[in-house]
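Q: Below you'll find the structure I mean.
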Amino acid sequence: MPIIVTLDIMLARRKTSSRELAAHIGITEANLSLLKSGKVKGVRFATIEAICEYLDCQPGDILTYEPQEQTQLVTRFDPVSETSPNQSQPAKYDRYPAKGN
């Protein structure tokens, strides 16, 4: 995931516990833990605002962007080139069956 949550670093700098932050911003410690570990798909701006207000920081102090290494693109498996003319069924791993002969 290219977005890295560095909330734990800011908590340490401010000498604040996760429990205190969770209580102040009105979320559970479990949800704060998920946020800190980066295991959430999204976070409300209001939550980020409350965190930044309590910790006296900017969103960039608790969120960073690190681009992922480029991965090799995988091309679609072509059932036409992988089947003999006598085969009417697409290849075993083809997600996109060939259109009629």
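Every number here is computed from the coordinates shown, using simple stated rules; none is lab data. Note that the structure is predicted; figures quoted are calculated from it, not measured. We place every Cβ from the backbone using ideal geometry, glycine too, and count neighbours over all the protein chains shown.
Q: For residues that are assigned to a loop (DSSP other than H, G, I, E, B) and among the β-branched types (Val, Ile, Thr), tally how many sit in the stretch 1-45.
A: Looking only at that region, the number is 6.
Q: Just to be sure I understand, how many residues within the stretch 15-28 are surrounded by 14 or more Cβ atoms within 10 Å (Cβ to Cβ) and either within 21 Å of the chain's Cα centre (by Cα) or more than 14 Å from residue 50 (Cα to Cα) (or both)?
A: Within the stretch 15-28, residues that are surrounded by 14 or more Cβ atoms within 10 Å (Cβ to Cβ) and either within 21 Å of the chain's Cα centre (by Cα) or more than 14 Å from residue 50 (Cα to Cα) (or both) number 2.
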